[in-house]
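Readers should treat all values here as calculations from the given coordinates under stated rules, not as data from a laboratory. Just so it is clear, the structure is predicted and the values come from calculations on it, not from any experiment. Because the Cβ atoms are built from the backbone with ideal geometry, glycine has one as well, and the counts that use them run over all protein chains shown.
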Amino acid sequence: LVSRKKKAEDTIITINGESIGDGTPSFIFGPCAVESQDQVSKVAEAIGAKGLKLIRGGAYKPRTSPYDFQGLGLEGLKMLKAAADQYKLAVVSEIVTPHHLEEALPFVDVVQVGARNMQNFELLKAVGQINKPVLLKRGMSATVDEFINAAEYIIASGNSQIILCERGIRTYEKATRNTLDISAVPILKQETHLPVFVDVTHSTGRRDLLLPAAKAAIAIGADGVMAEVHPDPAVALSDAAQQMDLNQFDDYYDALMKFMKQYEFK
Ligand code: PEP
Ligand code: MN
């Protein structure tokens, strides 16, 4: 059902007035994790000031170590939703288990399924039964074919509002946190009718690569870019090394807009 052979036209997903997959790149910014009301409000204000429509932030955090910050859960989601409402933004946030869906859905506009859960088939079936868009991230060791099959689980359960997100894969290369598989973007665009995003933060894990990676993503035909923004990355409770601060975000977004104008991306 996700195949281009089944549906030739691009799927366009409209959230809060933002059309994802319409040929003009969209953007999702926000902190790695929701940490406090003040933190998410500052980021929401900066995003709103750019005229953007979406904010991300993790409340249920899937962490590699059980001793790392696990997220604020539902309380965090409520903070994110309050900040988003104030600046008229839609909320993108990860859900890690079907059990959290019901409590979380009133506070989330786009449900993120994280890399670690790309083959959590019960979660895929559960988000297939909601009527909100799903941002499905590629598993860190998933092939493109496995990624497409994960999306197929969601659509087969009844939800065709799926955004695919390339977020880097595990390779032998250590210069970046993961290896951004940029060619997955045109492959996914050819093979499926779904919009394709690139997460430049988790793929590169390097602040200095966020801009070139986003330019590459846009140039190769991605429908959008996701990147993490935190008011004070040095004290962030997760992903301190790669989040942008608010000034960097400002410069970053302006540089991307200039790039898009220069090369006449819509
Ligand atoms: C995230 O986007 O918050 C995240 C945890 O990313 P990933 O699932 O791609 O590792
Ligand atoms: Mn992160």
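Structure above, values below:
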| quantity | calculated |
| --- | --- |
| Three semi-axes of the equivalent ellipsoid, the range 141-245, Cα gyration tensor, whole Å, largest first | 26, 15, 13 |
| Length added when fully stretched, Ala49-Ala219, from 0.36 nm per residue minus Cα-Cα | 58.7 nm |
| Kyte-Doolittle mean at least 0.0 and Cα axial length at least 15 Å: DSSP H helices in the chain | 144-156 |
| Loop sites in the range 112-207: GluC sites (Glu not before Pro), DSSP, at most 14 other Cβ within 10 Å | Glu173 |
| DSSP beta bridge pairing in the chain, given as percent antiparallel to the nearest 5 | 15 |
| Equivalent ellipsoid semi-axes - Cα gyration tensor, the chain, angstrom | 24, 22, 19 |
| Cα centre as origin, Lys/Arg/Asp/Glu Cβ charges: the chain dipole, Debye | 440 |
| Residue among Ser160, Leu80, Ala236 farthest towards the positive dipole end of the chain, charges placed on Cβ | Ser160 |
| Mean separation of Cα contacts under 8 Å (6+ apart) over length of the range 1-108, as relative contact order % | 24 |
| Loop chymotrypsin sites (Phe, Trp or Tyr not before Pro), the range 204-266, which have at most 16 other Cβ atoms in a 10 Å radius of their Cβ (DSSP) | Tyr263, Phe265 |
| Net +/- balance of residues flanking Ala241 in space, Cβ distance below 9 Å, scoring K and R +1, D and E -1 | +2 |
| Using a Förster distance of 35 Å, the FRET efficiency for Val235-Glu173 (Cβ separation, nearest 0.05) | 0.75 |
| The chain, relative contact order in percent, only Cα pairs under 8 angstrom and at least six apart counted | 20 |
| Value of Rg/Rh across the range 62-167 [Cα atoms, Kirkwood radius] | 0.97 |
| Most positive-pole-ward Cα, Leu194, Leu136, Thr14, against dipole of the chain from beta carbon charges | Leu194 |
| Length gained when the stretch Thr24-Arg4 is fully extended (0.36 nm per residue, less Cα-Cα span) | 5.2 nm |
| Selection from Gly71, Leu89, His99 lying farthest towards where the dipole of the range 51-104 points positive, charges on Cβ | Leu89 |
| Ranked list, fewest to most other Cβ atoms within 10 Å of each Cβ, for Asp199, Asp38 | Asp38, Asp199 |
| Loop-located chymotrypsin sites (Phe, Trp or Tyr not before Pro) in the range 2-96, at most 12 other Cβ atoms within 10 Å (DSSP) | Tyr67 |
